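Beneath this line is the structure, given in structure tokens, with notes to follow.
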Amino acid sequence: MSKITNLTKSYEGFSVKDISFSVSPGEAIALVGKSGSGKSTLLRLLAGLEQKDAGEINFDGKIAYVSQDYTLFPHLTLIENITLLPKLRGEKSYKETAVTYLKEFELYEHRNKYPNELSGGQRQRTALIRALMINARVFLLDEVTSALDPEATKNILEMVQKLKEEDYQVIFATHELGFAERGADRVMFLDEGDLYKDISVDSFFNQEDDSKIKTFVENYYF
Amino acid sequence: MIDILINHQALFLSGFITTVKLFVLIVIIGLAGGTLLGALSSKIELFGDIVTSLKFLSKVIPVLVILFWFHYPLQVLLGVVVDPFWTAVAVFGLVNLISVAYLIFSEIKLLPKKYIESASSLGMTQGEIVRNIEIPLVFKRSFPEVMLLQATMLEYTLFASLIAVPEIFRVAQNVNSLIYDPVPIYTLLILFFVVILAPLHLFVTYFKKYNKVEYV
């Protein structure tokens with residue numbers, strides 16, 4: 001189980017305040033909230049891309065961060081992107097593993113294409129395979145469906161469900177409440193840098209008592 | 001044309017060798033020094049400011065004026081006499097160095113931070129990021145412009161004839177003053193540049209087409 005305790009980061013005019021939570025193997029957490037609520041900041045802190053001011057981050061296994069614009073390396077082909085790190089680490093059977101993933105996620109025929117020759121969905125799946133190739137156990141996904149069409153979003157949702165089935169831990173930030181409802185087990189609702197609520201998906205989407213959450217769901221669920 | 005070349009082969013050969021020596025030295029100074037200075041400029045702000053300022057100066061002062069200033073006034077001010085060949089090497093080498101440094105510096109500045117972050121989040125070390133991400137990206141994106149700049153440098157070597165460097169153009173002028181037959185002599189000169197620069201330009205076009213890196 002991964003555990004985050006009292007995580008805090010202050011910027012000028014904004015801060016992520018004293019956030020604590022845990023995530024178990026096979027569990028997916030959706031970070032939701034309005035724009036500027038701190039979702040991406042929290043993920044970047046967890047990924048180590050921002051320095052925390054205080055708190056403890058203990059991940060149960062290696063982490064992989066996938067950003068909303070995929071950030072595949074543009075000078076490398078799809079297969080070079082996903083095998084770069086295993087190759088640098090001198091791993092033995094990385095080529096076979098890569099081919100297995102590429103076939104599984106229907107990207108094999110695109111393996112020699114460069115990122116600018118791939119669709120948004122293909123790039124996103126490549127980014128997720130790249131994370132799988134480094135043997136990550138914790139996936140941090142930042143708005144990974146924001147630029148995708150419904151078909152590609154469905155593919156990503158299936159990938160998230162597959163990750164859960166295989167006991168990976170997934171934390172994703174999203175604006176799409178439908179994606180959060182189908183992909184997550186828990187929802188962490190952030191409000192101006194505060195963790196306002198950390199509850200199950202069912203409780204979040206059937207909230208009657210909390211007007212803030214109820215209004216948010218009513219306004220942003222399409 | 002062949003007759004002229006054969007009759008004055010010693011002169012043309014010496015002019016050709018002088019041009020090649022001049023060009024090779026300018027390229028070495030420009031590429032080695034420029035790459036190093038460009039990389040340093042991205043790390044040290046002062047270096048970046050100096051490169052940017054010198055690049056601006058090289059844009060607003062014609063290279064021929066710089067060459068003449070180094071050849072006459074500077075040597076008078078310093079009380080030294082420098083062989084024109086080495087004056088040309090220094091001036092064109094410096095112009096090349098500043099231009100290459102500026103290209104590399106600009107390309108490093110344009111490199112999106114997200115690729116570095118992505119590599120870092122995957123667990124790559126700083127050294128691995130530099131070797132596998134930064135250098136290849138900067139190289140692939142700046143290579144065509146750097147190559148075209150070298151082509152311009154070869155053309156600049158013609159200016160060296162104006163300070164009495166016995167390079168190929170000056171030799172052609174001398175031969176023409178001896179036998180007055182400008183059509184074959186200057187056609188030879190055209191062929192010389194076409195043979196060197198056409199493959200270079202075609203290679204750059206090919207490289208741009210098949211190795212273009214777009215940030216996505």
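Rounded to the nearest 20, the Cβ-based charge dipole of segment A:92-222 about its Cα centre (Lys and Arg +1, Asp and Glu -1) stands at 860 debye. With both labels modelled 7 Å from their Cα along Cα-to-Cβ, the A:Phe222 to A:Glu117 distance reads 3.3 nm. 3J(HN,Hα) along segment A:128-141: 5, 5, 4, 5, 5, 5, 8, 6, 5, 10, 10, 9, 10, 10 Hz, from the Karplus curve 6.51 cos²θ - 1.76 cosθ + 1.60 with θ = phi - 60°, whole Hz, x for Gly and Pro.
The tail of the calculated P(r) for segment B:67-150, taken as Cα-Cα distances beyond 19 Å, holds 56 percent of the pairs. Computed from label points 7 Å out along Cα-Cβ, the spacing between B:Phe139 and B:Phe56 is 3.3 nm.
For a straight C-alpha distance cut-off of 12 angstrom, the aspartates and glutamates reachable from A:Lys39 (same-chain residues fewer than eight places away being disregarded) are A:Asp142, A:Glu143, A:Asp191, A:Glu192, A:Asp194. Put one equal scatterer on each alpha carbon of segment A:80-141, apply the Debye formula with no solvent term, and list log10 I(q)/I(0) at q = 0.13, 0.14, 0.27 1/Å to two decimals. Reported log10 I(q)/I(0), two decimals: -0.31, -0.37, -1.27. Using modelled backbone amide H atoms (1.01 Å from N, in-plane), which distant-in-sequence or interchain residues come within less than 5 Å of B:His8's amide H? Those lying under 5 Å, H to H, from B:His8: there are none.
Sequentially through segment A:169-185, phi angles give Karplus couplings (6.51, -1.76, 1.60; θ = phi - 60°) of 9, 10, 10, 10, 9, 8, 9, 8, 5, x, 5, 5, 5, 7, x, 9, 9 Hz, Gly and Pro residues having no value and appearing as x. With 30 Å as the limit on Cα-Cα distance, the pairs of A:Lys34/A:Lys154; A:Lys87/B:Lys55; B:Lys59/B:Lys208; A:Lys162/B:Lys114; A:Lys34/A:Lys113 that go past it are A:Lys87/B:Lys55; A:Lys34/A:Lys113.
Semi-axis lengths, largest first, of the ellipsoid equivalent to chain A are 30, 20, 16 Å, with √(5λ) applied to each eigenvalue of the Cα gyration tensor. The convex hull around the C-alpha trace of segment B:140-216, projected and averaged over every direction, spans 6.1 square nanometres. Residue by residue, segment B:148-161 carries 3J(HN,Hα) couplings of 5, 5, 5, 4, 4, 4, 4, 5, 4, 4, 4, 4, 4, 4 Hz when phi is fed to the Karplus relation 6.51 cos²θ - 1.76 cosθ + 1.60 (θ = phi - 60°); x denotes Gly or Pro.
Subtracting the Cα-Cα distance of B:Ser14 and B:Asp49 from 0.36 nm times their residue separation leaves 8.5 nm of extension gain. The H on the amide N of A:Val66, modeled in the peptide plane, is under 5 Å from the matching H of A:Leu140, A:Leu141, A:Asp142, each at least 5 residues off or on a different chain.
Under the convention that each Lys and Arg Cβ holds +1 and each Asp and Glu Cβ holds -1, the size of the dipole of segment B:2-210 around its Cα centre is about 560 debye. Partner aspartates and glutamates whose Cα lies under 19 Å from the Cα of B:Lys21, excluding those fewer than 8 positions away in the same chain, are identified as B:Asp83, B:Glu155, B:Glu167.
Around the amide H of A:Val187, modelled in the peptide plane, lie the amide H atoms of A:Ala30, A:Ile199, A:Ser200, A:Val201, all under 5 Å away and 5 or more residues distant in sequence or on another chain. Model label sites at A:Asn58 and A:Asn6, defined 7 Å from Cα along the beta-carbon direction, differ in position by 1.4 nm.
Readers should treat all values here as calculations from the given coordinates under stated rules, not as data from a laboratory. Here the structure is a predicted model, which is why all the values come from computation and not from measurement. Cβ sites come from the backbone with ideal geometry, for glycine too, and all protein chains shown count toward neighbours.
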